[in-house]
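Let me begin by presenting the structure, written as structure tokens, before commenting on it.
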Amino acid sequence: MNLSELTHVAHGRDHLNTREFGRAINRDAQTIRKNLCIEGAAYGIRPVKVRGRLLWPVAAIAALLAAEELAA
């Protein structure tokens, strides 16, 4: 996914749920949860917990995608 697609998925929100985050970085939601359990973060991003749900900051996801685009 690129940055313009991320903007479309976010719909102006500041955070995405785990499924949306996984879709953005082309990973399964369970893989993200596993990385969070093992490392305390997933791909360098720490979520915010709200009522037992994990919410991932769109700005951090955008930075991750931008770094991947530069590396490619």
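The values are calculated or read from the model by the stated rules, or taken from the named source; none is laboratory data. Predicted, not measured: the structure shown is a model, and the values here were computed from it. Glycine also receives a Cβ, built like all others from the backbone with ideal geometry; neighbour counts cover every protein chain displayed. These accessible areas exclude ligands, DNA and RNA; they are computed on the full protein's heavy atoms, side chains included. Shrake-Rupley method; radii C 1.70, N 1.55, O 1.52, S 1.80 Å.
Look through 44, 40 and report the one residue that is more than 9 Å from the chain's Cα centre (by Cα), on the phi > 0 side of the Ramachandran plot, open to solvent by 60 Å² or more (accessible area, probe 1.4 Å) and free of Cβ contacts under 8 Å to residues at least 40 places away in the same chain.
44
The conditions are (1) open to solvent by less than 50 Å² (accessible area, probe 1.4 Å); (2) in contact with a helix residue (DSSP H, G or I) (Cβ under 8 Å, 6 or more places away or on another chain); (3) over 20 Å from residue 70 (Cα atoms), and residue 25 fails exactly one of them. Which is it?
Looking at each condition in turn, residue 25 falls short on (3).
With the condition being in contact with a strand residue (DSSP E or B) (Cβ under 9 Å, 6 or more places away or on another chain) and of a type in the set (A, V, I, L, M, F, W, C), I'd like the strands (runs of 3 or more DSSP E) fully within the chain carrying at least 2 qualifying residues.
48-50, 53-57
Residue 54: hydrophobic (A, V, I, L, M, F, W, C) and either at positive phi or in contact with a Phe, Trp or Tyr (Cβ under 9 Å, 6 or more places away or on another chain) (or both), yes or no?
Yes.
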